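Only one structure is covered here, and it is reproduced in the block below.
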Number of protein chains: 2
Amino acid sequence: MNMLDEIMTPSLLLDEVVMRRNIDAMAARVAKLGGKLRPHLKTHKSIDVAAIIEGVGGTCGFTVSTLEEAEYFFAAGYSDLLYSVGLSDAKVPKVASLVRRGCKLTVITDNQAMADRIDARAAEEGVQLSVMIELDVDGHRSGLEPEGEELLALATAISNSRALVLAGVMTHAGGSYSARTEAELAFHAEREVARTRLAAQRLRAAGFDCPMVSIGSTPTASAYVNLDGITEVRAGVYVFFDLVQAGIGVARHEDIAISVLTTVIGHQPAKGWVIVDAGWMAMSRDRGTSDQDVDYGYGQVCDVDGQAIAGVIMTGANQEHGIIAASGADAKLDLARFPVGSKIRIKPNHACSTAGQFSHYDVLRTDGSLARWDRMHGR
Amino acid sequence: MNMLDEIMTPSLLLDEVVMRRNIDAMAARVAKLGGKLRPHLKTHKSIDVAAIIEGVGGTCGFTVSTLEEAEYFFAAGYSDLLYSVGLSDAKVPKVASLVRRGCKLTVITDNQAMADRIDARAAEEGVQLSVMIELDVDGHRSGLEPEGEELLALATAISNSRALVLAGVMTHAGGSYSARTEAELAFHAEREVARTRLAAQRLRAAGFDCPMVSIGSTPTASAYVNLDGITEVRAGVYVFFDLVQAGIGVARHEDIAISVLTTVIGHQPAKGWVIVDAGWMAMSRDRGTSDQDVDYGYGQVCDVDGQAIAGVIMTGANQEHGIIAASGADAKLDLARFPVGSKIRIKPNHACSTAGQFSHYDVLRTDGSLARWDRMHGR
């Protein structure tokens, strides 16, 4: 592939063919269940990728993880956004500014103390904020228990507030990342649906409106069988997939759409090491496969065309150096296969964190050409 | 500190008083040994910080880890730069462009195959390149054995090339990061000096010029006792320090100049967790203290003024969420100490990787004011 010779390494390659296949498959999956997608933009942070997702259809809006992402994508015409990290009052002026300009931005919280602070600040700003209550369905991170009294108390506080409107309930089944079998995935998916549905039913039974019922994670989105009562599914990583998702069992290695292109700069024959010019500044420090069945170090080594080279991984990373070696304890690399000056690709543990290290993609387009797509970078 | 209320979280705080103390101490240390510093710019990637280092003096140039850093700092007037990652031939046109514009850029390699490729490309470009031979003094990463035959063979190849000029030898004692006692640090420092000095002596005895003899790492730079025959010391992290350096024993916690400012967005009382709006997008995925005596998770929690809160760390991180908890297995956090909406600071495991997640610093200046300093971000 002489085309790649022009690219300075390390570089973030995106295979559009593979990505489109992933986008199509998830859209078809959720549509078949009668659901709508609210894809997460935090994985790719790319207007070009968002446009492809929107073109395929089946979406009811998008999800962001920072207000800077909201600004970036709102400026590009995406106006129905869910900011899926608990809002703090200091951020209300930024939210208010987006709302005033016509952005349908929904925010979340899981506690009354913050709801009160947000309400006071929103009232000062003279805007109404759509607020969802975050639920905890698996003890993973934040959120209220769907069965608890606090859910109704928080709904009451929001309803009695000056500037907040209850928009519904949402959760993220982050606990599903521990699943390793289809049965475990099904368990996480069913629990996420059932407990979120229950929270919505309890709110409605108590007289509250609950228009949005939002769930999601790439592992559970791959395993839902029934979305009755769920208004939207959030997922992000599925667009690119990665080694962690493959380890969970919801993707194959050939479904991984991004890789880091790097150049061999030296050999350490006594150790059986190949030294490349991609370190953790390129791969990130994410070691997400370290507690999975197969630990890929900092990534799976592939040839320049993207074909995995079995048993060869990036075992170590410094800031701008990577160490390529055999993954087996006694195995040694055939260094002649990796001549100095040649290029290889590394498939990442975690697409969000590796992509987060770059400000653009070098895209292998469906027509065989090469393009550069910017991504939002920095805060 | 009401001043910090204006800062959107998460944010990268830089305490200028602490940083200047670190810069002064290292400059004094190396000057006392009669040495010169070539500080690494990859840690801070900031023109403001570089100017302070240069103002203190005792430098003979700077070190960069990418050619993008070389472009960035050359544009700001820094013209004597060492690119300390093995060069590949595809990057020669970028190097040549800098050299033609007057940048005194030195590059490195550790093998003849790459030297030949670089030479061919440099000859095509019509430039002469200053090349140092990289040495391996501790089996850490790349480089040639100082005692081996390959060193002389590579020096011969460079001397016989069309476009390369032998500039000397360099090494990075990355193995020193495993040191935990003063005796171990002294061992790594002495070995780095002795083996590098030997390589320079062997080259000169064989009739080669060896004007530059370059060593360095923050741990060994803190432990040198004699720099005879060494022309420069490279170090980078010492400017900010971090928990890893504290674990090695070359810094105290109060010497750590950067921290991430974050806001409490919720509590999980049953688990004793505080949820904050800084995740691994802010801290990075670096878990550098995980194999040290004290594992700080994703960082040490401090109050908003920067005072460490003993026994409280960031135990978990998602993209934009952090989990704050007690570090002891049975200990539970007093959540009332961390009210929703309040701010805390997190000191990082590794300054280079945490700072690498941000595009600017919020600087607490020596005069008590707040400033914004940009940093180079992205590739």
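The values are calculated or read from the model by the stated rules, or taken from the named source; none is laboratory data. Being a predicted model, the structure only gives us computed values, none of them experimental. FYI the Cβ positions are ideal-geometry reconstructions off the backbone, even for glycines, and counts take in every protein chain you see. Remember, those area values only see protein heavy atoms, side chains included, never the ligands or the DNA or RNA. Shrake-Rupley method; radii C 1.70, N 1.55, O 1.52, S 1.80 Å.
The table for this structure:
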read-out	value
So B:Ala270, is it crowded, with 23+ Cβ neighbours inside 10 Å, of a type in the set (Gly, Ala, Ser) and touching an Asp or Glu at 6+ places or on another chain (Cβ under 9 Å)	no
Evaluation of A:Gly139 against (1) part of a loop (DSSP other than H, G, I, E, B); (2) within 14 Å of chain B (Cβ to nearest Cβ); (3) on the phi < 0 side of the Ramachandran plot; (4) open to solvent by 10 Å² or more (accessible area, probe 1.4 Å) (one fails), failing number	(3)
Matching residues in the range B:1-28 - criterion: being among the acidic types (Asp, Glu) and in a helix (DSSP H, G or I)	B:Asp5, B:Glu6, B:Glu16, B:Asp24
Pair list, Cβ < 6 Å and 6+ apart or interchain, from the range A:186-211 residues that are farther than 24 Å from A:Ala235 by Cβ to residues that are among the acidic types (Asp, Glu)	none
B:Ala336 being farther than 20 Å from A:Arg287 by Cβ and within 14 Å of chain A (Cβ to nearest Cβ)	yes
Subset of the range A:1-27 (residues that are of a type in the set (Gly, Ala, Ser) and either crowded, with 21+ Cβ neighbours inside 10 Å or touching a Gly at 6+ places or on another chain (Cβ under 8 Å) (or both))	A:Ser11, A:Ala27
Enumeration of residues in the range B:76-104 that are within 9 Å of chain A (Cβ to nearest Cβ), open to solvent by 10 Å² or more (accessible area, probe 1.4 Å) and of a type in the set (Ser, Thr, Tyr)	B:Ser84
Options B:Val312, B:Val294, B:Val304: the member that is in contact (Cβ under 8 Å) with a residue 60 or more places away in the chain, more than 8 Å from every other protein chain (Cβ to nearest Cβ) and of a type in the set (A, V, I, L, M)	B:Val304
Residues of the range A:242-280 satisfying the condition of being within 14 Å of another protein chain (Cβ to nearest Cβ), among the hydrophobic types (A, V, I, L, M, F, W, C) and outside any helix (DSSP H, G or I)	A:Val260, A:Leu261, A:Val264, A:Ile265, A:Ala270, A:Trp273, A:Val274, A:Ile275, A:Val276, A:Ala278
Pairs with Cβ under 8 Å, 6+ apart, first in the range B:155-177 and without any contact (Cβ under 8 Å) to a residue 40 or more places away in the chain, second open to solvent by 10 Å² or more (accessible area, probe 1.4 Å)	B:Val165/B:Gln128; B:Val165/B:Ser130; B:Gly175/B:Asp138; B:Gly175/B:Gly139; B:Gly175/B:His140; B:Gly175/B:His188
Some residue of the range B:322-332 being in contact with a His (Cβ under 8 Å, 6 or more places away or on another chain), within 14 Å of chain A (Cβ to nearest Cβ) and not hydrophobic (A, V, I, L, M, F, W, C)	no
Members of the range B:29-46 that are part of a helix (DSSP H, G or I) and either open to solvent by less than 20 Å² (accessible area, probe 1.4 Å) or in contact (Cβ under 8 Å) with a residue 24 or more places away in the chain (or both)	B:Arg29, B:Val30, B:Ala31
Subset of the range B:52-71 that is more than 14 Å from chain A (Cβ to nearest Cβ) and more than 20 Å from B:Arg20 (Cβ to Cβ) - its residue that is surrounded by the fewest Cβ atoms within 10 Å (Cβ to Cβ)	B:Cys60
Test: B:Lys347 is touching a helix residue (DSSP H, G or I) at 6+ places or on another chain (Cβ under 8 Å), buried (at least 19 other Cβ atoms within 10 Å of the Cβ), within 11 Å of chain A (Cβ to nearest Cβ) and over 20 Å from A:Leu144 (Cα atoms)	no
When residues of the range A:110-136 are limited to those that are within 13 Å of chain B (Cβ to nearest Cβ), of a type outside the set (S, T, N, Q) and within 28 Å of A:Phe187 (Cα to Cα), the one surrounded by the fewest Cβ atoms within 10 Å (Cβ to Cβ)	A:Asp136
Test result for A:Ala310, out of contact with any Gly (no Cβ under 7 Å at 6 or more places or on another chain) and surrounded by fewer than 20 Cβ atoms within 10 Å (Cβ to Cβ)	yes
Matching entry among B:Ala120, B:Ala96, B:Ala90, B:Ala113 (being farther than 22 Å from B:Arg204 by Cβ, part of a helix (DSSP H, G or I), touching a Pro at 6+ places or on another chain (Cβ under 8 Å) and hydrophobic (A, V, I, L, M, F, W, C))	B:Ala113
Residue within the range B:170-179 that is of a type outside the set (Asp, Glu) and more than 19 Å from the chain's Cα centre (by Cα) present	no
Residues being open to solvent by 10 Å² or more (accessible area, probe 1.4 Å), in a loop (DSSP other than H, G, I, E, B) and away from every other protein chain (no Cβ under 14 Å) - total across the range B:142-173	3
Exclusive hit being more than 10 Å from chain A (Cβ to nearest Cβ), outside any strand (DSSP E or B), surrounded by 20 or more Cβ atoms within 10 Å (Cβ to Cβ) and not acidic (Asp, Glu), set B:Val49, B:Val107	B:Val49
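Residue-wise test of (1) of a type outside the set (Asp, Glu); (2) closer than 27 Å to B:Val49 by Cβ; (3) open to solvent by less than 10 Å² (accessible area, probe 1.4 Å).
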| position | (1), (2), (3) |
| --- | --- |
| B:Ala189 | yes, yes, yes |
| B:Arg197 | yes, no, no |
| B:Leu203 | yes, no, yes |
| B:Phe208 | yes, no, no |
| B:Ser217 | yes, yes, yes |
| B:Thr220 | yes, yes, yes |
| B:Tyr224 | yes, yes, yes |
| B:Glu232 | no, yes, yes |
